[in-house]
Amino acid sequence: MREYWNPWIERMPVCELEKIQEKKLSDLVNYVYRHSGFYRKRFDEAGVNPGEIKTLADLKKLPFTYKSDLRDTYPTGMFCVPNEQLVRFHVSSGTTGKPTVVGYTQNDIDVWTTSLARAMTSIGVGRGDIVQVGYGYGLFTGGLGAHYGAEEVGATVLPVSSGNTERQIELMQDLGSTVIACTPSYFLFMNEVANNLGISIKDNTQMRVGIFGAEPWTEEMRKRIEESTGIKAYDIYGTSELSGPLFTECMYQDGIHVWADQFLIEIIDPVTGEQLPDGERGELVITTLAKEALPLIRYRIGDITVINRDECRCGRTHPRIMRVLGRVDDMLIIRGINVFPGQIEAVLMKMPEVGGHFMIVVDRVNELDVMKVQIEMTDEAFSDKVNDIMALEAKVASAMKHVLNLAVKVELVEKGSLPRSMGKAKRVIDNRKL
Amino acid sequence: MEDKIIKQISLFAENKPGRLANIASNFRKSGINIRAFTIAEAGDFGIIRMVVDRPDDAHELLHNAGFTVSETNVLGVEMEDVPGGLGKIADVLGERSINIDYAYAFVTKTEKALLILRVNDIEGAILVLQGAGIRLVDMADVQQI
Ligand SMILES: [Zn+2]
């Protein structure tokens, strides 16, 4: 098994990586200024002369790019190449307004694939593995991204796509899949279905590695997955605007390596836009250093995380982003307090007597925000005494109040009654008319 | 003593219409008969408690149908055999510090009033009640009524 996909670049001293970044950044700024009317206008408005961007310290002079810019220039207004140079489009569904379109040159696809090949190698996935891709194929980047990456490292791909859970389990058993790539909540659902069929993923399959992403998840959820199914669960990160899924944790499960020769990352204060020092929690901002069709300059990706630039035990010198702690736009503001669905999940995972399926329902009653968390009853937690159930609700509510600093109404609901997701888990129903 | 214990089926249900009809039709298909039935409501949820003629089958059926369900040990008393009714029973148990978690009464097909009790010490309760001359109903009786 290979230890590194590209040992030279993955172990390059940080100062050399930074030289590559500075060269690529200055080239990029000139490239987008010349090839994209959008960026030329944006730079001119911000008074930025591309010739002045020479070092990494100059990065903060550049204006941000937002998801809304992609929507406003729909479909291809930000592209830097004519359509005939594109080999593919992906389109991400817009929950509000227009979708966003991403175009790829052949080189963009190659860079994307290389990024995932490095990542998969770092978690020991390669020749001899059977990678079951349970992300959706099609306009969504998850399926094809994982597919190309797995082929690149010499693994065998089983392109099941998402859904059809019983079939997934049958193929996993019959073909001996060793790696699963899907959303973590879908894998938990798969495990539940397997158990109902009398199949233990731990004992009756060859499954050993999970590559989980496309939704935020927690350390506690990782523990639950690893304990119940016997696999090692790794976080994967990326969004369609950046190409698709791009980076994973390495074997040490201590942060996601972002390939510095291809992407430049910063953490900013989401409110003021100021850069924050390494180690502080804030909004991740990414600049693509190697994309041709749709380069992004200081892109406000909307995820909340922390950067760690210490050299990793795996020997890789590339910076790590720690587990994504939530989305800037998933953040609920309830009575002025910031609440992330991930915090609720973390509380529940520490209470094994209740299940992990939950839904946050927010209402406004008499001008006051009211947050309710619905949690599915489990066989273990059930008592036929009303007082016991009310006591359990009160116990969960008090644990949540402790973490969120906010009164929460907890409601136990019938098991199986909350929607299960094939893709991103829907965790919030906000009924407030703001 | 064991044979005086009645297995009650308890299940968790949100207070949503259609749940009861769903359970009843599940039972009807399998020929399980409900002898006693009550719902304890608490705000958003309820606990349905039932005495049926085949508790193990009923438990399996409801579990497979996706319900959160448990079998709970309870006691049954024919009220006409107890002068003074529930008060008398509570007194007898209270003297020995046995608490009643809940109780509910219903009328059988044969028009007898039957009281179902869950207590915190079922074996103690059997001894105390039988000592006070109160006859307890057993599973065989449940199948008859
Ligand atoms: Zn590492």
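The values are calculated or read from the model by the stated rules, or taken from the named source; none is laboratory data. As the structure is a computational prediction, the values presented were derived from the model and not from experiment. Cβ atoms come from the backbone with ideal geometry, glycine included; neighbour counts cover every protein chain shown.
Considering each of B:Asp91, B:Asp44, B:Asp101, B:Asp81 in turn, give the residue that is under 26 Å from A:Ala394 (Cβ atoms) and over 16 Å from the mean Cα position of the chain (by Cα).
It is B:Asp44.
Counting only residues that are near the ligand (Cβ under 10 Å from one of its atoms) and within 18 Å of A:Leu264 (Cβ to Cβ), which one in segment A:311-324 is nearest to the other protein chains (Cβ to nearest Cβ)?
A:Arg320
Of the conditions (1) without any contact (Cβ under 8 Å) to a residue 60 or more places away in the chain; (2) not in a loop (DSSP other than H, G, I, E, B), A:Ala407 fails just one. Which one is it?
The number of the failed condition is (2).
In segment A:232-257, which residue that is part of a loop (DSSP other than H, G, I, E, B) and crowded, with 23+ Cβ neighbours inside 10 Å is nearest to the ligand (Cβ to nearest atom)?
Only one residue tops the list, namely A:Cys250.
Among residues belonging to segment A:141-169 that are of a type in the set (Gly, Ala, Ser) and assigned to a helix (DSSP H, G or I), point out the one that is farthest from the chain's Cα centre (by Cα).
If we take residues in segment A:141-169 being of a type in the set (Gly, Ala, Ser) and assigned to a helix (DSSP H, G or I), then A:Ala150 is farthest from the chain's Cα centre (by Cα).
For A:Ser68, only one of the following conditions fails: (1) modelled with pLDDT under 95; (2) in a loop (DSSP other than H, G, I, E, B). What is its number?
(2)
Here's the yes/no breakdown for (1) at pLDDT 95 or above; (2) facing chain B (nearest Cβ under 10 Å); (3) touching a Leu at 6+ places or on another chain (Cβ under 9 Å):
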| site | (1), (2), (3) |
| --- | --- |
| A:Pro352 | no, no, no |
| A:Arg364 | no, no, yes |
| A:Leu392 | no, no, yes |
| A:Lys401 | no, no, no |
| A:Asn405 | no, no, no |
| A:Leu412 | no, yes, yes |
| A:Pro419 | no, no, no |
| A:Arg427 | no, no, no |
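Quick check on this structure: which one of B:Gly66, B:Gly31, B:Gly18, B:Gly84 is without any contact (Cβ under 8 Å) to a residue 24 or more places away in the chain, facing chain A (nearest Cβ under 9 Å) and loosely packed, with under 14 Cβ neighbours inside 10 Å?
Of the residues listed, the single one that is without any contact (Cβ under 8 Å) to a residue 24 or more places away in the chain, facing chain A (nearest Cβ under 9 Å) and loosely packed, with under 14 Cβ neighbours inside 10 Å is B:Gly66.
Residues B:Ala42, B:Ala58: which one is more than 9 Å from every other protein chain (Cβ to nearest Cβ) and over 28 Å from B:Leu129 (Cα atoms)?
Every option except B:Ala58 fails the conditions.
Taking segment A:261-281 as the region of interest, how many residues are surrounded by fewer than 21 Cβ atoms within 10 Å (Cβ to Cβ), in a strand (DSSP E or B) and more than 16 Å from the ligand (Cβ to nearest atom)? Break it down stepwise before answering.
Residues of segment A:261-281 surrounded by fewer than 21 Cβ atoms within 10 Å (Cβ to Cβ): A:261, A:265-266, A:268-281.
Next, only the ones that are in a strand (DSSP E or B) stay: A:265-266, A:268, A:275.
Among the residues that remain, those that are also more than 16 Å from the ligand (Cβ to nearest atom) are: A:266, A:268, A:275.
So the answer is 3.
Tell me the residue from A:Ala381, A:Ala397 that is touching a Gly at 6+ places or on another chain (Cβ under 9 Å), outside the structural domain of A:Arg224 (by TED's automatic domain parsing) and in contact (Cβ under 8 Å) with a residue 12 or more places away in the chain, please.
A:Ala381
Part of a helix (DSSP H, G or I) and either modelled with pLDDT of 95 or more or under 30 Å from A:Gly142 (Cα atoms) (or both): which single residue out of A:Arg2, A:Arg42 fits that description?
Details: A:Arg2 fails: part of a helix (DSSP H, G or I).
Going through A:Arg2, A:Arg42 in turn, just one is part of a helix (DSSP H, G or I) and either modelled with pLDDT of 95 or more or under 30 Å from A:Gly142 (Cα atoms) (or both): A:Arg42.
Taking the options A:Tyr4, A:Tyr39, name whichever one is within 28 Å of the chain's Cα centre (by Cα), under 30 Å from A:Cys314 (Cβ atoms) and assigned by TED's automatic domain parsing to the domain that holds A:Lys98.
Answer to the check: A:Tyr4.
Quick check, is A:Arg222 within 23 Å of A:Thr121 (Cα to Cα) and among the basic types (Lys, Arg)?
yes
Among the residues of segment A:306-342, which ones are in contact with a Gly (Cβ under 8 Å, 6 or more places away or on another chain), at pLDDT below 90 and not in a loop (DSSP other than H, G, I, E, B)?
The answer is A:Gly326, A:Arg327, A:Pro341, A:Gly342.
Can you pull out every residue in segment A:282-310 that is within 16 Å of the ligand (Cβ to nearest atom) and either surrounded by fewer than 21 Cβ atoms within 10 Å (Cβ to Cβ) or of a type in the set (Phe, Trp, Tyr) (or both)?
Passing the criteria: A:Val306, A:Asn308, A:Arg309, A:Asp310.
All but one of (1) part of a loop (DSSP other than H, G, I, E, B); (2) within 15 Å of the ligand (Cβ to nearest atom); (3) touching a strand residue (DSSP E or B) at 6+ places or on another chain (Cβ under 9 Å) hold for A:Pro216; state the number of the condition that does not hold.
Failed condition: (2).
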